[in-house]
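The values are calculated or read from the model by the stated rules, or taken from the named source; none is laboratory data. Everything quoted here is computed from the prediction, not taken from an experiment. Neighbour counts run over all protein chains shown; Cβ positions are idealised from the backbone, glycine included. Note: accessible area is taken over every heavy atom of the protein model, side chains too, but ligands, DNA and RNA are not part of it. Shrake-Rupley method; radii C 1.70, N 1.55, O 1.52, S 1.80 Å.
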Amino acid sequence: MSRYIRHGNGREWRRGVYRIEALPKLDAMEWKNPRRRWGSSFGSYTGEGDTTLDLTHVPEGLAALASCRYCGGRHEAIFPGTLVDMGNEFPRLLAPFDPWRNQHAHCGQEPIRWRTPGLLEEFLSAFIASSRLDLARGVFIDSCVHLLATDARAYSFFSPALPASDEDALVATEEFRASVRAFIRERKLDLLAAVVTGESWVHDLRQDSPVRQEGLSIAYVTADYGKASVYPIRRHAAGATTGPGELLPEALFRGVPGSTRWLDTLFA
């Protein structure tokens, strides 16, 4: 059986099967920024401790993402309208980020310890288990974004192929994320977490001469924080990069995801 289906109730992930959804089309009449500006930066600001606030032009207006590199803490918002519309209200709009920055001021000395919700742990364990079966059969694990709701339903979307141009890739990324946000609004989801999974190539920078390592990447974000990990893949045939293989049990990397292409601002 394919791990991806287009029916069911969204809880099939407990059996390693994921319901693939279609994204809604964006309504051009609701765009606040022209398409060519999507993904362009309005500014990046460093705050208390080692927090960063990134402001980006998105279809709906201006997206704000605050992140802490020590604990993985996050805080997101979208300010609807154009900068002209916001005018003198802009400082007031950013005011809620000040207490968040203060909360993370001492993470460099003592990072906040986030506890992964039990339901999310179940989802991640189920995905790793099904990935082991796929790898043993030589099945490639495509990049996929999953929305996990508090009622245990999961909704999945294949990540789009990106254009070669960096500027076009930014636009395509923002179009995808805006469509996912529209899906969340339409379904009135009580979102617990957003997860992106897939095979990737990484470098272990802890090595003196880092070599490229094939792995299974898993990153997730909640309304409060994010985490990422990479599990090495070992193919059965020496030197092979495809075909049957196995997922090694010890993660090559565990840490905070920082900016995550497919997940940023989904909680905004």
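When only Cα pairs below 8 angstrom with a gap of at least 6 residues are kept, the chain shows a relative contact order of 20 percent.
Probe of 1.4 angstrom, ligands and nucleic acids ignored: what's the accessible area per residue over region 19-164, in square angstrom?
52 Å²
For the set Met86, Met29, the ranking by accessible area, highest first and with no ligand, DNA or RNA atoms included, is Met29, Met86 under a 1.4 Å probe. Accessible area per residue was computed with a 1.4 Å probe on protein heavy atoms; Val58 scores about 0 Å².
Helix 166-187 and the long axis of the chain differ in direction by around 90°, with both axes built from C-alpha atoms. Could you work out [θ]222 nm for the chain from helices alone, using -39500 (n - 2.57) per DSSP H run of at least four and dividing by all its residues? Round to the nearest 500 deg cm²/dmol. Using -39500 (n - 2.57) per qualifying helix, the result is -6500 deg cm²/dmol.
By the rule of a C-alpha distance below 20 Å, with chain neighbours fewer than 8 residues away ignored, the aspartates and glutamates paired with Lys32 are Asp54, Glu60, Glu76, Asp85, Glu89, Glu167, Asp168, Glu174, Glu175, Glu186, Asp264. Of Ala228, Ala238, Ala193, the residue with the greatest mean-square motion in the GNM of the chain, using alpha carbon springs below 10 Å, is Ala238. Within the accessible surface of region 119-237, defined with a 1.4 Å probe on protein heavy atoms only, the carbon and sulfur portion equals 52 percent. Placing unit charges on the Cβ atoms of the charged side chains and taking the dipole of the chain about its Cα centre, the candidate lying farthest along the positive direction among Thr51, Cys144, Leu65 is Cys144. The charge dipole of the chain, taken about the Cα centre with unit charges on the Cβ atoms of Lys, Arg (+1) and Asp, Glu (-1), comes to about 720 debye, rounded to the nearest 20. Using a probe of 1.4 angstrom and keeping all protein chains present, the accessible surface of region 175-253 works out to 50 square angstrom per residue. For the chain, the longest principal axis of the alpha carbon atoms and the long axis of helix 118-136 meet at an angle near 40°.
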